[in-house]
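What follows is calculated from the coordinates using simple rules that are stated; it is not laboratory data. Here the structure is a predicted model, which is why all the values come from computation and not from measurement. Quick reminder, even Gly has a Cβ in these numbers, built from the backbone with ideal geometry, and neighbours come from all protein chains shown.
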Amino acid sequence: MGPEARVRVTVVGIGAGGWATAEPAGRGAVHDADVLLGGQRHLAMVPDGAAPAAIREPWPSPLLDGLDALLERHDGRNVVALASGDPLVSGIGSTLVRRLGPKALRVIPAVSSAALARARMGWPADDCDVVTLVGRDTDRLRRYLAPGRRLIVLTGGVEGPATVARLLAGEGFGASSMTLLAELGGQAESRRDGAADGMLGVEGAALGLVCVECRGGPGRSRVPGLPDDAFENDGQLSRRPIRAAAVSALAPRPGELLWDVGAGAGSVGIEWARGAPGCRVLAIERDAGRAETVRRNAARLGVPDLVTVVEGAAPDALGGLERPDAVFVGGGGSRPGVLDKCWSALPAGGRLVAHAVTLETQAVLAEWHRVHGGELLRYAVDAAGPIGSFTGWEPMRPVVQWCGVKTTASESKQETSEGAPE
């Protein structure tokens, strides 16, 4: 469903304290509702007289499979959906925005659990990150670990705190302080404090979250140029200085999408995803074993939900993919049609960066530089290494890099709004 001008659903937030925590505007919306949607717990919070004419209907299970049919069935009615706290913080509001578009929703939030947690901990908002693991891969937490960093982790489910504690301990942050907060704002609100190492088997609450103050391990920088041994690889890896140069030339900006063509170990795409907020990657890799390596590396480095692996060989595997903002070609640049298709897929302002080690691919990039301009560079890096009992320079293979920026949409062979040219 695409965005629509009219409001189709009003989403009302209710805190753990119950019906009284809903905003007056939210209570008014519920009173006027024809249809009241929500989980059984939320529906039970609304007194009988608070929604006198409403049909009360619980969410379908599984939610996503039945959501569209449910909304279509009640289309044209005054539909109100109930949610916990701020519906746009890991709540049903976020799901409905993706389904209907923001213009189809009216959102009336209550105080979010994250805001209540900051108040209990005395943490200013700009001193901590809110990380949701609700319905997400736990490995995404790894990206945020750094000494002294404060995290509010939305977990969901009784296993959440122990899962967080085990991940912290496994990353060398077992000394981190953990605070388990449950039923925030309600009469049964509770708090438990301890070190991550001591909470490996603790059970949480269904309505709880975890506050973490990171202590222990060194963490990993988000600036491109992670050590080579941070990536599992079979030798198909852009080495650290070359990788940093590639990501710098790609110039990631928040929310952009990268095609990493010939991903190998996925290092360039993963560094892209770890950098600016919301950056995503489609990693195109024809070797099934390497494709699995990319997935493992993305999980280990905290971006499992930001890196999507597309198994197949370019250029055929590029057809129909979501349009990129930038493209990195680390392998296969000499294959007929690869660079052409990548260039055609870019919008105006899009960047294409290609690397070449072999003379054949270097010749292709030299021709691209002649035709399209841009920047052609040759990186020759030496690293110190042992020579008997002495130390000398060991050269890496020189790498040629071409970087081009598409200046006008007319440079595309075919421009569409829905994906790459076929």
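Looking only at the chain, where both bridge partners belong to it, what percent of the DSSP beta bridges are antiparallel (to the nearest 5)?
Values: 34 of 74 bridges.
That works out to approximately 45 percent antiparallel.
Note down the net charge around Pro147, summing +1 for each Lys or Arg and -1 for each Asp or Glu among other residues with Cβ under 13 Å from its Cβ.
+2
Just for the range 228-411, what percent of DSSP beta bridges are antiparallel, to the closest 5?
Numbers: 17 of 35 bridges.
Here the antiparallel bridges make up roughly 50 percent for the range 228-411.
Would you work out the relative contact order for the range 228-411, in percent, from Cα pairs under 8 angstrom that are 6 or more residues apart?
18 percent.
Order by neighbour count: Phe231, Phe173, fewest other Cβ atoms within 10 Å first, most last. All intermediate terms of the calculation are to be shown ahead of the outcome.
On the way: Phe231 23, Phe173 26.
Ascending number of Cβ neighbours within 10 Å: Phe231, Phe173.
To the nearest 500 deg cm²/dmol, what mean residue ellipticity at 222 nm is calculated for the chain from DSSP H runs of n ≥ 4 alone, each contributing -39,500 (n - 2.57), summed and divided by the residues?
-7500 deg cm²/dmol
For Glu322, put the label point 7 Å out on the Cα→Cβ axis and report which residues of the range 264-291 keep their amide N under 12 Å from it.
278-283
What ranking, highest mean first, results for peptides 56-62, 104-110 when packing means the other Cβ atoms within 10 Å averaged over each residue?
104-110, 56-62
Which length gain, in nm to one decimal place, applies between Val158 and Arg41 when the Cα-Cα distance is subtracted from 0.36 nm times their residue separation?
40.4 nm
Mind ordering 276-288, 387-399 by average Cβ neighbours within 10 Å, highest first? Numbers along the way, then the final one.
Values: 276-288: 20.1, 387-399: 10.5.
My ranking of the peptides, most packed first, is 276-288, 387-399.
May I ask you to derive the relative contact order of the range 326-401, considering only C-alpha pairs under 8 Å and at least 6 residues apart, and to give it as an integer percent?
Worked out over the range 326-401, it gives 28 percent.
Give the percent of DSSP beta bridges with both residues in the range 9-111 that are antiparallel, rounded to the nearest 5.
0 percent
Counting pairs of alpha carbon atoms under 8 Å apart in space and at least six apart in sequence, what relative contact order in percent does the chain give? Don't jump to the answer; show the numbers that get you there.
Working: 911 pairs, mean separation 45.3, N = 422.
About 11 percent, as a whole number.
Can you give the extra length, in nm with one decimal, that the chain gains between Arg56 and Ala119 once fully stretched, where that is 0.36 nm per residue apart less the Cα-Cα distance?
The span from Arg56 to Ala119 would gain 19.3 nm if fully extended.
With a 10 Å radius around each residue's Cβ, average the other Cβ atoms per peptide and rank 111-124, 295-308, highest first.
Highest mean packing first, the order is 295-308, 111-124.
Could you list, bin by bin from short to long, the percent of Cα-Cα pairs of the range 115-213 in 10 Å steps?
Using 10 Å bins, I get a P(r) of 16, 56, 27, 1 for the range 115-213.
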